[in-house]
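Trainee: For reference, the structure I am asking about is given below.
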Amino acid sequence: LDELLSAFAQDVAFTRDGAAYADMAQLLDYCRRSANPVGRLLLHLYGVHDDDALRQSDAICTALQLINFWQDLSEDIPRGRYYLPLAECALHGIDIRRPARDFAALRPDPNTTQLIAAAASQARASMQKGLKLVHRVPGRAGWELRAVVQGGLRTLDKVDALGARALLRRPTLSRADAPRLLWRMLWMLQSPT
């Protein structure tokens, strides 16, 4: 709970100050404190305590936090919430010196498309690291976890499809996605390899 509170305080301070994350390591540290404790608390409720399960939960929760950031770019940037790390922006040829001005000026172009694709790829890789956890969580909670995981992955599909246009439009899931999500959830019934 202390980690959750520290992450909340950090997010409030970053938003208040118009600050951006320096690099992916700093953003992942925020995820470690803002998202991962939630998964660990839920595992505790279901009596799942081993180290592999905790690592898998952390990977899923980090991925979900990152997916939320990349899904909400069109809403967060105008509100002064900057989650695209500055080092990652620079790596893709995007120079952010003053976040409030420079992030607001981002437009769909090949560099921002590559940046968002790389960010989505990292979230997808994190999710993949945690997939085996769905076989460890019992009953209805296991099905809910499958739905959350597949919903997150489907959202990433939509972020990927939008590319840099995710700066202008928030990708969302709809009823039309339900059959695909259900199919993917059923495929998760196969035993993990």
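Trainee: If I filter the stretch 76-92 down to residues being under 14 Å from ALA22 (Cβ atoms) and in a helix (DSSP H, G or I), which single residue comes out as least open to solvent (accessible area, probe 1.4 Å)?
Mentor: Among those that are under 14 Å from ALA22 (Cβ atoms) and in a helix (DSSP H, G or I), it is CYS89.
Trainee: Just one of the numbered conditions (1) in contact with a helix residue (DSSP H, G or I) (Cβ under 8 Å, 6 or more places away or on another chain); (2) over 19 Å from SER57 (Cβ atoms) is not true of GLY152; which one?
Mentor: All conditions are met except number (2).
One line per residue, one yes/no per condition, for (1) in contact (Cβ under 8 Å) with a residue 40 or more places away in the chain; (2) part of a loop (DSSP other than H, G, I, E, B); (3) surrounded by 15 or more Cβ atoms within 10 Å (Cβ to Cβ):
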{"residue": "SER6", "(1), (2), (3)": "no, no, no"}
{"residue": "VAL12", "(1), (2), (3)": "no, no, no"}
{"residue": "GLY39", "(1), (2), (3)": "no, no, yes"}
{"residue": "LEU54", "(1), (2), (3)": "no, no, yes"}
{"residue": "ALA63", "(1), (2), (3)": "yes, no, yes"}
{"residue": "ILE67", "(1), (2), (3)": "yes, no, yes"}
{"residue": "SER74", "(1), (2), (3)": "yes, no, yes"}
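Let's see how each residue does on (1) open to solvent by 70 Å² or more (accessible area, probe 1.4 Å); (2) modelled with pLDDT of 95 or more; (3) not hydrophobic (A, V, I, L, M, F, W, C):
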site: ILE94; (1), (2), (3): no, yes, no
site: ARG101; (1), (2), (3): yes, no, yes
site: ALA105; (1), (2), (3): no, no, no
site: THR112; (1), (2), (3): no, yes, yes
site: ALA118; (1), (2), (3): no, yes, no
site: SER126; (1), (2), (3): no, yes, yes
site: LYS132; (1), (2), (3): yes, no, yes
site: GLY139; (1), (2), (3): no, no, yes
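Trainee: Further, regarding this structure: Look through the stretch 14-31, keep the residues that are without any contact (Cβ under 8 Å) to a residue 40 or more places away in the chain and closer than 17 Å to ASP76 by Cβ, and return whichever of them is least open to solvent (accessible area, probe 1.4 Å).
Mentor: It comes out as CYS31.
The values are calculated or read from the model by the stated rules, or taken from the named source; none is laboratory data. Computed from a predicted model, the values in this text were never measured in an experiment. Here Cβ is always computed from backbone atoms with ideal geometry, including for glycine, and neighbour counts include all displayed protein chains. Ligands, DNA and RNA are stripped out before the accessible areas are found, and what is left, the full protein with its side chains, is counted by its heavy atoms. Shrake-Rupley method; radii C 1.70, N 1.55, O 1.52, S 1.80 Å.
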